[in-house]
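Taken together, the values in this text are just the output of simple stated rules run on the coordinates, not laboratory data. It should be emphasised that the depicted structure is a prediction, and the values quoted were computed from it without experimental measurement. In this analysis, Cβ positions are derived from the backbone assuming ideal geometry, glycine residues included, and neighbour counts consider all displayed protein chains.
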Amino acid sequence: MPAFLAAIAAALFALFPLTDTDIWWHLAIAREWLAQGTLAADPLTWTPSRVPWVDIHEYFERIVYFVFNVGGAPLLVIFKAILWGCVFYLFARTEDGRKSRKGSGNKAILLTAVSVFILFTFRYTFEIRPVLFTLVFLGAYWNILPELTAQGTSLRKKLLFCAILFAIQWFWCRTQGLFILGPIFATLHFAFHFRGMPRKIKAAAALFIAFLFALPLVHFQGKEIFFYPFPLLNRLLGATAGASAFAGGIAENRSPFTLLLAKENLWQNGLLVSLSIASLIVVTKNVVNGGLHADRRARDAWLGTCAVLALIAERNAALFLPPFIAILLNWQSARCREKSAAAGPARRLAVSQEMAHVHSAPEQKKLLPVFHSIVHFVCLALAAFALCFWVRSLTAYSTAISGERVPIHAAEWCAGHPHPGRLFNDDRAGGYLSWKNPEEKTFIDGRFILRSPQFFERYLNYACTPETFIADADSLDIDRAVLPLRYYAKWGNLIPELLKTDRWHIVYRDEFYVVLDKR
């Protein structure tokens, strides 16, 4: 029941407009794939992309394109809500959660209420992005890996589970760039079981993991796909000097510590930091505890890995939340089973008799109703708070597309007013402009992995040194710029400087975007 409630809450909280701007270039690329077949070069931008050009999100793009064609943006919102519900259900319905609960029902209710409140706080991370499919696949790993090492699982079932994971991993390799997380998670799982496995099983496990890592090679552009996750992780983490431009220039790639210092989303980032640090402390203790079951230690190790990633970049909260909620929901029942397993039969009998005596005491009987009432009140208050704010947020949505984040009306105007030169645009607007105006190529979009650090650094420098852009616009034949005014207002210095030159003038303006043309 707690897993089901968490899944329902996640699905409901995911019902908000399409705020992730990258979904539009995913749709545009899928349209190009279907029209032209295999693409050897980037069809959406006129600036240079990395060679060879690899579209790692092909299967994701085709799925969302199909959904969009059937029901438009509203159906895509419903689709992502269902997937987010599936993610949290897959993680929370672990073996710990399916076994009988020996803990207090009030504690289970309280943990469920806390989980729902946490999901509400981070609800705007529930976007339609390729990482959503990654979380679905990780949820399958979360459930299947323990079956591969369970003594009660037959060989036939284990072979079937292996085949399922191979199929998932094969599909994952052309769905999202973090497909390497599956083999890494499998390696962690078998590492904690390694000591107790027979020699033949160890060899089979090593072969299984090696095959998972090698699956990208069976795809078209297999070599490029195989190495794709490494520069992606480097750019997400900013591990090198070149990658630091991406880590610092992309808002969601900044650390929650950095955002706290900048006083951005104080409540959400403060909670993310607190939960991540608390998780690291708890899971470190559990991982080194040899008395715990290997499955529990492996899952805790994975939660610790995700906690570190969440502290490095805010966007990694999406990877951290599902295992955190799963372990939180199953925490009470897991503790009860561990204590029961650690104690001998005589000790368990003594504890049972002691508990029966305590519960029969008159004082305890008087206090229990009061305690139950307090727990129920706290849970009701948390649920009511989340529900009221969620309902209130729904009334603010008039469309399934966020007009604050993409140039809905500016793109329509540009389609009806062509220009002879090239287009410059903010990276957030690039995908939607490509989707609405397929005849015109954009300067940049959200696929930063296709760009060199030097290109991206120069692009960001345009906002700080407008004279650089003015010179490049002349040399590159740029005569139109589509820039945001409010939500991504980093171009506040560039727009006035362009107007001062008397060569650039505003040809379109609305509440959120402006279009400037060069005479």
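Calculate, in nm to one decimal, what Thr153 and Ala415 gain on full extension: separation in residues at 0.36 nm each, minus their alpha carbon distance. Before the final figure, lay out the partial values.
Values: separation 262, 0.36 × 262 = 94.32 nm, distance 5.99 nm.
Extra length available between Thr153 and Ala415 comes to 88.3 nm.
Need one word for the stretch 408-518: rounded, prolate or oblate. Basis is the Cα gyration tensor (sqrt eigenvalues a ≥ b ≥ c); a/c below 1.5 gives rounded, then a/b vs b/c decides. Display every interim value, and only then the final one.
Values: a/c = 1.32, a/b = 1.05, b/c = 1.25.
It is rounded, given that a/c, with a ≥ b ≥ c, falls under 1.5.
Between Ile78 and Leu476, what FRET efficiency follows from the Cβ-Cβ distance if R0 is 41 Å, with the result rounded to 0.05?
On the way: r = 42 Å, r/R0 = 1.02.
Computed FRET efficiency for Ile78 and Leu476 comes out at 0.45.
Say a paramagnetic label sat at a point 7 Å from the Cα of Thr468, along Cα to Cβ; which residues of the stretch 483-519 have their backbone N under 19 Å from it?
483-484, 489-499
Stretched out fully, how many nm does the piece from Cys388 to Asp517 gain, at 0.36 nm a residue minus the Cα gap?
Values: separation 129, 0.36 × 129 = 46.44 nm, distance 4.55 nm.
Using 0.36 nm per residue and subtracting the Cα-Cα distance, I get 41.9 nm.
Would you list Val51, Val64 from fewest to most Cβ contacts within 10 Å? Before the final figure, lay out the partial values.
Working: Val51 11, Val64 23.
In increasing order of surrounding Cβ atoms, one gets Val51, Val64.
Express in whole angstrom the spacing between the alpha-carbon centres of the stretch 158-216 and the stretch 261-284.
One Cα centre to the other: 31 Å.
Could the peptides 298-304, 443-449 be put in order, highest first, of the mean number of other beta-carbon atoms found within 10 Å of their residues? Show your work: numbers first, answer last.
On the way: 298-304: 23.4, 443-449: 21.9.
Top of the packing list down: 298-304, 443-449.
Give the order of Val288, Val282, Val515 when sorted by the count of other beta carbons within 10 angstrom, beginning with the fewest.
Values: Val288 9, Val282 16, Val515 23.
The order, fewest Cβ neighbours first, is Val288, Val282, Val515.
By how many nm would the segment from Gln454 to Glu497 lengthen if fully extended, with 0.36 nm per residue of separation less the alpha-carbon distance?
On the way: separation 43, 0.36 × 43 = 15.48 nm, distance 2.37 nm.
Computed gain between Gln454 and Glu497 is 13.1 nm.
Based only on other Cβ atoms within 10 Å, what is the fewest-to-most ordering of Trp267, Trp170? Mind dumping the intermediate values first?
Values: Trp267 8, Trp170 16.
Listing Trp267, Trp170 from fewest to most nearby Cβ atoms yields Trp267, Trp170.
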